[in-house]
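Working notes, beginning with the structure itself.
The values are calculated or read from the model by the stated rules, or taken from the named source; none is laboratory data. Bear in mind the structure is a predicted one, so any value in this text is a computation, not a measurement. No Cβ is skipped: glycine too gets one built from the backbone with ideal geometry, and neighbour counts run over all protein chains shown.
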Amino acid sequence: METLVTDSPAHAATFVADGRLVAFPTETVYGVGAPAFNPHLIRRIFDVKGRPSDNPLIVHIGRKADFGLIGSIPNDYTKALVDAFFPGPLTVVVPRTGAVPDVVTAGLDTVAIRMPDHPVGRAFLLACDTPMAAPSANLSGRPSPTTWSAVLQDLGGRIPCILNGGRSKVGLESTVVDCTGDSPVILRSGAYSLRELQKVVPTCTQVSQDELTSLKSPGVHHKHYAPNATVVVVNGEWPPAFERKSGYIGLEQLPPDKECDLVHVCADVEEYGRLLFSFFRECEDRGLPTIYCLKPSLDGLGMAIADRLTRAAAATADISSAAR
Ligand code: TXA
Ligand code: MG
């Protein structure tokens, strides 16, 4: 199958109208989507990504008025979060309507909903004129794509169309918040920090890593964010020696005695978030088997970056032991 790359939301939407999958840009990462009420086409998403079927999808809406087609707003704090953060990189998990097929929610009675804040992505959703179920547009287990070329690398030949909207400006996925309990609980850290959410709903909390393995957010225990290289998280202490062929990304300069083939020192935590996944892919393209990543402090976006680094390191640990 040939994969067309287009800049036109209206052109991309014609593929959806023809019952075909389209990858589209959002401010976090690119997604690959199908109409939320088309279970047949949604199953294709799981096929092309190699995604486990127990990992539910986020439904993307182009206008707030479509929320009620998918889910209900169960309480006042959910209304406050939606009012404050839609459109934007926040996903709310709420009770679903009967119209949502089981394949979207992996059989759960809740559904994840978000309204992206990206001009091209929004224009596409509005042109499709239906809420779109969409996971990140990478092969399952790989780093999320933040450019059309990263989507092409993973899904080229498997999907017919990629809508180009430039580089995603956040670069990390949305914050996923469970809104079904007495107070909101962050299930996946992301673009909005706990502190930002607490400014609107002070009772908001974050689940610990251990609690996460329980059933609330089924996807979180799968392998995630892993490039074809070993990710080493540098936390507090530099490794005594660096592997010869390696990359480095972080907020601090490398110590003078360390050398890497590809070095990216980020100006701030926002740049770190924006470039992390594309840096993984760049190291991969250059055949660098080891990627050193300096763990940032956990304020703001630092929490989400640290989360992605920990998971990528865990997922690639076997690559390193196999290589040695
Ligand atoms: O920024 C994003 O969120 C991107 C862009 C494309 O919107 N999407 C994304 O989708 O990261 P995906 O499929 O890679 O991650 C969806 C996350 C998973 O952790 C999944 O378990 C969780 O959302 N999720 C989806 N539905 C859920 C539900 N009903 N209850 C709990 N967690 C849910
Ligand atoms: Mg994903």
- Flagged in segment 140-195 as without any contact (Cβ under 8 Å) to a residue 12 or more places away in the chain and either of a type in the set (S, T, Y) or touching a Pro at 6+ places or on another chain (Cβ under 7 Å) (or both), in numbering order, are S149
- Could you figure out which of (1) of a type in the set (K, R); (2) surrounded by fewer than 18 Cβ atoms within 10 Å (Cβ to Cβ); (3) within 11 Å of ligand 1 (Cβ to nearest atom) isn't true of R63? (3)
- Query: Taking the condition in contact (Cβ under 8 Å) with a residue 40 or more places away in the chain and under 25 Å from M303 (Cα atoms), does P255 pass?
  - Reply: no
- Task: Filter segment 98-130 for residues that are assigned to a helix (DSSP H, G or I), β-branched (V, I, T) and touching a helix residue (DSSP H, G or I) at 6+ places or on another chain (Cβ under 8 Å) and give the result.
- Result: V103, V104, V120
- Per the filter on segment 162-213, residues of a type in the set (S, T, Y) and either loosely packed, with under 15 Cβ neighbours inside 10 Å or more than 30 Å from M1 (Cα to Cα) (or both) are S174, T175, T180, S183, S189, Y192, S193, T203, T205, S208, T213
- Query: What residue, of K79, K64, is at pLDDT 95 or above, out of contact with any strand residue (DSSP E or B) (no Cβ under 9 Å at 6 or more places or on another chain) and under 20 Å from R122 (Cα atoms)?
  - Reply: K64
- Note on the structure: Reported set for segment 219-276 where residues are touching a Gly at 6+ places or on another chain (Cβ under 6 Å), closer than 20 Å to T147 by Cα and within 16 Å of ligand 2 (Cβ to nearest atom) is A226, G273
- Identity of the residue in segment 151-165, under 13 Å from P9 (Cβ atoms) and in a loop (DSSP other than H, G, I, E, B), that ends up farthest from ligand 1 (Cβ to nearest atom): N164
- Just a yes or no: is a residue in segment 35-46 within 16 Å of ligand 1 (Cβ to nearest atom), assigned to a strand (DSSP E or B), under 21 Å from L139 (Cα atoms) and not charged (D, E, K, R)? yes
